[in-house]
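The numbers here are math on the coordinates, done by the rules we state, and not lab data. Everything numeric here is computed off the predicted structure, so don't read it as measured data. Cβ placement follows ideal geometry from the backbone for every residue including glycine, while neighbour counts extend to all protein chains displayed.
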Amino acid sequence: MKTVDMQGQPCPIPVVKAKEALAEQGAKGVIVLVDNVTAALNLEKMAKGTGCGFSYTEEGSLFRVSILKGADSDQFFNERQEGSPEKPEPAGRERKGPVALITADSMGRGAEDLGRLLIKGFIFSLSQLDPLPEALVFLNGGAHLTTEGANTVPDLKALEEKGTGIYTCGTCANYYKLTESLAVGSIVDMMNIVNRLAKASSVITI
């Protein structure tokens with residue numbers, strides 16, 4: 001199989017290049033080399049979403065990801081002990097609400113403690129909208145709001161239970177070393193985020 005070295009490449013480039021390799025004539029699969037677990041998980045989502053088999057080995061800081069076309073993903077999927085952060089799309093509610101793009105762990109300029117109170121109040125207020133938000137997307141410092149110990153997690157879990165998607169940028173979670181402390185929602189790549197924003201009925205950005 002073809003090997004594609006994507007070490008040091010930000011998302012969604014490893015996923016894009018893996019798709020290109022799989023699309024080549026006669027390709028049975030691809031091996032992708034990445035240097036962080038977030039990239040490996042993004043490749044896993046792509047593989048499972050396209051009916052491919054997936055496995056990886058970890059060699060220090062190197063993740064060697066194997067994606068096989070037309071294979072049974074259950075046969076090749078090497079599930080991490082703590083499980084994949086991806087959760088199934090919520091069902092049972094027609095999605096017509098806005099998408100909220102949250103780029104910081106506080107709201108407004110001035111006192112940081114006040115900003116954190118405001119962001120908690122903002123997220124709680126989103127849970128009172130009718131219709132509920134389609135999704136909340138967390139970028140950059142906002143990624144801290146979906147992790148263990150954040151005072152926003154209970155409200156986010158309540159929103160998720162009601163059908164709102166909660167998504168954290170994988171590059172951001174990796175940069176801040178938050179992947180293992182994710183407490184609610186799923187880690188997604190930039191392509192996923194862009195698609196959600198592009199298809200949203202409206203976008204609230206803070």
Check your understanding: For segment 190-200, what does the Karplus curve 6.51 cos²θ - 1.76 cosθ + 1.60, with θ = phi - 60°, yield as ³J(HN,Hα) per residue in whole Hz, taken in order and with x for Gly and Pro?
Key -> 5, 4, 4, 5, 4, 4, 5, 5, 5, 8, 5
Check your understanding: How do Arg109, Arg64 line up, fewest other C-beta atoms within 10 Å first?
Key -> Arg109, Arg64
**Study point:** Check: segment 2-76 dipole with +1 on Lys, Arg Cβ and -1 on Asp, Glu Cβ, in debye
**Key:** 240 debye
Review point. Over the chain, what relative contact order in percent results from Cα pairs under 8 Å that are six or more residues apart?
Key: 19 percent
**Study point:** Between 0 and 90°, nearest 10: helix 112-126 axis offset from the chain longest Cα axis
**Key:** 80 degrees
Check your understanding: Given charges of +1 on the Cβ of Lys and Arg and -1 on the Cβ of Asp and Glu, with all other atoms neutral, how large is the dipole of the chain about its Cα centre, in debye to the nearest 20?
Key -> 520 debye
Review point. Among 119-131, 165-177, what's the highest-first ranking by average C-beta atoms within 10 angstrom per residue?
Key: 165-177, 119-131
Practice item. Set Lys and Arg Cβ to +1 and Asp and Glu Cβ to -1, take the dipole of the chain about its Cα centre, and tell me which of Gly170, Ala200, Ile119 lies farthest positive. Key: Ala200
Check your understanding: Between Arg64 and Lys96, what length comes free when the chain is fully extended (0.36 nm per residue of separation minus the Cα-Cα distance, one decimal in nm)?
Key -> 7.6 nm
Exercise for review: For a label point 7 Å from the Cα of Glu161 along Cα→C-beta, name the residues of segment 116-140 whose backbone N is under 19 Å from it.
Suggested key: 121, 123-130, 132-136
Practice item. For mean projected area of the Cα convex hull in nm², several values are listed as [x] 12.9; [y] 14.5; [z] 12.3; flag the one computed from this structure. Key: [z]
Review point. What is the fewest-to-most order of Leu178, Leu33, Leu41, Leu197 by other Cβ atoms lying within 10 Å of their Cβ?
Key: Leu197, Leu33, Leu178, Leu41
Point to revise | Which listed pairs, of Lys162/Lys199; Lys69/Lys177; Lys96/Lys177; Lys48/Lys120; Lys120/Lys199, have C-alpha distances above 29 Å, in listed order | key: Lys69/Lys177; Lys96/Lys177; Lys48/Lys120
**Study point:** Extension gain, Ala23 back to Ser201 (0.36 nm per residue minus Cα-Cα distance, nm)
**Key:** 60.9 nm
